[in-house]
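To keep things clear, I will list the structure first and then write my remarks on it.
The values are calculated or read from the model by the stated rules, or taken from the named source; none is laboratory data. Remember, predicted model here, so these are calculated numbers, not experimental data. Neighbour counts are summed over all protein chains in view; Cβ atoms, including those assigned to glycine, are modelled from backbone coordinates with ideal geometry. Side chains are part of the model used for accessible areas, which takes the heavy atoms of the whole protein and leaves out ligands, DNA and RNA. Shrake-Rupley method; radii C 1.70, N 1.55, O 1.52, S 1.80 Å.
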Amino acid sequence: MNATMKVHLETIKFGEIQVHNHVAVIPLFSGNGDGPDYLTMKEAMESHFITITELTEGGSVPELKVKNTGTKPVLLLDGEEVSGAKQNRVLNTTILVKECSETVIPVSCTEQGRWSYRSAHFQESGHMMSAHLRRVKNESVAYCLRSSKSFNSDQGAVWEGIRNQSEAADIESPTGAMQDIHEAKKEDLDVYLEHFTLVPGQKGILVLVGSKVAGMDMLSRSDACRIINPKLIKSYIMDAILEKQGKAKENPLETAQAFLADILKCQEQKYDSVGHGTDYRYEGGKIVGSALIHEDTVIHMAFFRITPAEKAGSMAGLSRRRSFRR
């Protein structure tokens, strides 16, 4: 594991655990500095510094175009959703879009039943793909990076996951939109969100559902975490409210520490990022994850727990589906 990532993981500090029902959230802190300055997608869109559009008038499902007219980079997070244009999409990987640039970004469709314009530009939907689906997508993107050096996802697996969530939530969406699931469950999500408050200086979260770690996300800057944290929290809660509830872990700190220790044992591969920095992919016996590192700073990292059965099923599906483009 590269030195920047290793030091970052070894110096993470835990905040006071916050628990509601069968979900526990541990705030994460780091003393490694904030690194380079950037804007979040929300900030950049509200300030009209970036526009996200279809690649061409006809559109291309796995690609969008981002124009950044500002003088700061813009952070687009893996799993963040944009809505509008010909169909809603999510980011396939975390990208630090370069300042004063035009960039083609890799995405996945989250609205299978629509391919017609609703708007010229995309908007931030306010949603992030659930942690489980982010993990599924993370695996397929890592597979494509190894095989073809591309950030494509297994689009079929993404659609299947959204359909499964719709059924679990008892939601019928006219266009099979992930956004409709999140909006239908808004009240449930908001109730949980009230119990998981941001702590000053916080840079990330580690989440346990029942007795197991679901995953963790961490950003380099606390001001960015403040803006993105609600979406991150709801990404994990969505899975928690759709699954059978279990008891919260009696000693979650030990489980969380073990999760961090397992990350340090992961195998690492690196790839050129679409924007600033280097994209790192991680895989271990029970963990998959990714990180974007720029200027010796871990800009964003996300790790998810995976069972041997889930890993075996994912690899079998990926080997059957060699083409990830529609």
Helices (runs of 4 or more DSSP H) wholly inside the stretch 155-246 containing at least 2 residues that are of a type outside the set (Lys, Arg) and under 30 Å from Glu295 (Cβ atoms):
222-242
Has the stretch 35-51 got at least one residue that is under 18 Å from His294 (Cα atoms) and touching a helix residue (DSSP H, G or I) at 6+ places or on another chain (Cβ under 8 Å)?
yes
A careful count of residues in the stretch 177-208 that are of a type outside the set (Ser, Thr, Tyr) and open to solvent by 30 Å² or more (accessible area, probe 1.4 Å) gives 17
Output the residues belonging to the stretch 61-77 that are under 20 Å from Met129 (Cβ atoms) and surrounded by fewer than 24 Cβ atoms within 10 Å (Cβ to Cβ).
Val61, Pro62, Glu63, Leu64
Being touching a residue at least 24 places away in the same chain (Cβ under 8 Å) and part of a strand (DSSP E or B) is the filter here, so list the residues in the stretch 32-60 that pass it.
Leu39, Thr40, Ile50, Thr51, Ile52, Thr53, Glu54
Only one of (1) under 26 Å from Lys234 (Cα atoms); (2) over 21 Å from the mean Cα position of the chain (by Cα) is not met by Lys72, so which one is it?
(1)
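Residues checked against (1) at positive phi; (2) in contact with a Ser or Thr (Cβ under 9 Å, 6 or more places away or on another chain); (3) modelled with pLDDT under 95; (4) among the charged types (D, E, K, R):
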| site | (1), (2), (3), (4) |
| --- | --- |
| Leu64 | no, yes, no, no |
| Ala85 | yes, yes, no, no |
| Leu91 | no, yes, no, no |
| Thr103 | no, no, no, no |
Within the stretch 283-299, track down each residue that is assigned to a strand (DSSP E or B) and touching a residue at least 40 places away in the same chain (Cβ under 8 Å).
Glu283, Val288, Gly289, Ser290, Ala291, Leu292, Ile293, His294, Thr297, Val298, Ile299
When you scan the stretch 257-291, how many residues do you find that are more than 27 Å from Ser101 (Cα to Cα) and out of contact with any Leu (no Cβ under 8 Å at 6 or more places or on another chain)?
16
Residue list for the stretch 138-156, restricted to those being farther than 16 Å from Glu268 by Cα and open to solvent by 10 Å² or more (accessible area, probe 1.4 Å):
Ser148, Ser150, Phe151, Asn152, Gln155, Gly156
